[in-house]
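Engineer: Have a look at the structure that comes next, please.
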Amino acid sequence: METTQDILPNGESNPVYYVTEARNATLRELLRMSPPTIRGKLGAFLLKILRLDSPHQFGIAINDAIRCSTDDISELHEMFHSTIRNLAHLGFSPIVAQRLPILGEGRCCSLAFLGNDPTEYAIIVYAKAWANGQEYDESGLSFISRDETTIWVTSSQLQRLKSPRNFNVQYFPDSSPDFLHTTHCERIKAIPKEMLRVFDTENLLFVLREIEALINEFNIARGVLRPMTIAEIGAVTKDEDRF
């Protein structure tokens, strides 16, 4: 059992790395996260029933995002080159690039855009990690707007974990930027413009981190995300030093 001294304190020079505690997820979430095979689905049921544990091979400092230059996220540009070009045709320009520190084998970064309509923004997330010979991919494009009570998200990502109650998310995996943007505009057109939050170059970074904090707090509270222990960090670091 972990104690408070097992968990590293948060700080600029010593970020707190989090892992996904899959056995605390719902069965529906586990089924969505599992491989689309009979063996994969059976594994999800066994994990939920037996609450199996396994060594965590990577962690992400979810609360320690670092703003960086768009030149520092080359992997995102390489994977989403055509998406970025399509966003430019839709009138969107890149504004905020961020990178999350990862412990283990993986990368996590994002690029947020503003367009002609200040009540919406677009964000591309590149998140990949490798463990036990398996690739974990949470990458995709989303369009986001906010009114007084709801955060509206239209995303090309796969749905895995559920969202906080004040998020209204629709998923359209592998859809084009044009389709996503048209769909998002249709979803929010019934909301009076004066009720939608306005985004600009001055407040976008704050908005991004505010939304991430809401998601992180939700998953930490229900035990799906938790800080890595010192022992777990030591084990991952030791594995990295072998190569």
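Engineer: Take the alpha carbon gyration tensor of segment 199-238, find the square roots of its eigenvalues, order them as a ≥ b ≥ c, and report rounded if a/c is under 1.5; if not, report prolate when a/b exceeds b/c, else oblate.
Structural biologist: Numbers: a/c = 6.22, a/b = 2.03, b/c = 3.07.
Here segment 199-238 falls in the oblate category.
Engineer: Separate question: Along the Cα→Cβ direction, 7 angstrom out, place labels at Arg209 and Ala190. What is the inter-label distance in nm?
Structural biologist: With each label point 7 Å from Cα toward Cβ, the separation is 3.6 nm.
Engineer: Give the separation of the Cα centroids, segment 147-180 to segment 205-232, in Å.
Structural biologist: With segment 147-180 and segment 205-232 each reduced to a Cα centre, they are spaced 18 Å.
Engineer: Something else now. What ranking do 95-105, 212-222, 163-173 get when scored by the average of other Cβ atoms within 10 Å per residue, highest first? All intermediate terms of the calculation are to be shown ahead of the outcome.
Structural biologist: Details: 95-105: 19.6, 212-222: 15.2, 163-173: 13.6.
Ranking, from highest mean packing down: 95-105, 212-222, 163-173.
Engineer: Between Glu75 and Ile38, with labels modelled 7 Å along Cα→Cβ, what's the label distance in nm to one decimal, could you check?
Structural biologist: 3.6
Taken together, the values in this text are just the output of simple stated rules run on the coordinates, not laboratory data. None of these values were measured; they are calculated from a predicted model. Note that we place each Cβ from the backbone using ideal geometry, even for glycine, and neighbour counts take in every protein chain shown.
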